[in-house]
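The values are calculated or read from the model by the stated rules, or taken from the named source; none is laboratory data. Model, not experiment: these values are computed from the prediction. Glycine also receives a Cβ, built like all others from the backbone with ideal geometry; neighbour counts cover every protein chain displayed.
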Amino acid sequence: MHNSRGIRLSDQDLEIIKQSFIKYFLDKDHLWIFGSRADPSKRGGDIDLYIETTYKDVSIAVDSKIAFCSELQELLGEQKIDIILNILKLDYNLPIYEVAKVGIKLV
């Protein structure tokens, strides 16, 4: 179930993730997949996603994350999905952000 980018998800699943992201986030926002699913040498694992958003309103950003995750659960089925949300206006720089950006940028 690898695709041409070495991600251990089907092209269809990746397209669902990207389209759902575009639906709930802004044009200047970005999405990465990281962790075991972005490493073809690994097995199993949850779907780890990292989002950088330019939303100014924190509650809208969090609501978008929840809606995005709910839609993925519905469309991808029972899978563990972890989403790290970086609201750029808050200007936090958590170490996990740098770890996640080593993954593969989807949008």
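At a glance:
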read-out: Residues (touching a helix residue (DSSP H, G or I) at 6+ places or on another chain (Cβ under 9 Å) and of a type in the set (Asp, Glu)) located in the range 65-107; value: Glu71, Asp82
read-out: Residues of the range 84-95 satisfying the condition of being surrounded by 15 or more Cβ atoms within 10 Å (Cβ to Cβ) and out of contact with any Asp or Glu (no Cβ under 8 Å at 6 or more places or on another chain); value: Leu85, Ile87
read-out: Yes/no for Ile81 being among the aliphatic types (A, V, I, L, M), at pLDDT 95 or above and out of contact with any strand residue (DSSP E or B) (no Cβ under 8 Å at 6 or more places or on another chain); value: no
read-out: Candidate set: the range 15-51, residues that are surrounded by fewer than 19 Cβ atoms within 10 Å (Cβ to Cβ) and acidic (Asp, Glu); chosen: the one nearest to Gln79 (Cα to Cα); value: Asp46
read-out: Breaking point among (1) over 16 Å from Ile104 (Cβ atoms); (2) touching a strand residue (DSSP E or B) at 6+ places or on another chain (Cβ under 8 Å); (3) free of Cβ contacts under 8 Å to residues at least 40 places away in the same chain, for Arg37; value: (1)
read-out: Subset tally (residues that are assigned to a helix (DSSP H, G or I), more than 16 Å from Phe21 (Cβ to Cβ) and not acidic (Asp, Glu)) for the range 57-107; value: 8
read-out: Flag for Asp48 being under 11 Å from the mean Cα position of the chain (by Cα) and charged (D, E, K, R); value: yes
read-out: Leu26 being part of a loop (DSSP other than H, G, I, E, B) and either in contact (Cβ under 8 Å) with a residue 24 or more places away in the chain or of a type in the set (Val, Ile, Thr) (or both); value: yes
read-out: So Ile7, is it surrounded by 13 or more Cβ atoms within 10 Å (Cβ to Cβ) and over 13 Å from Lys105 (Cα atoms); value: no
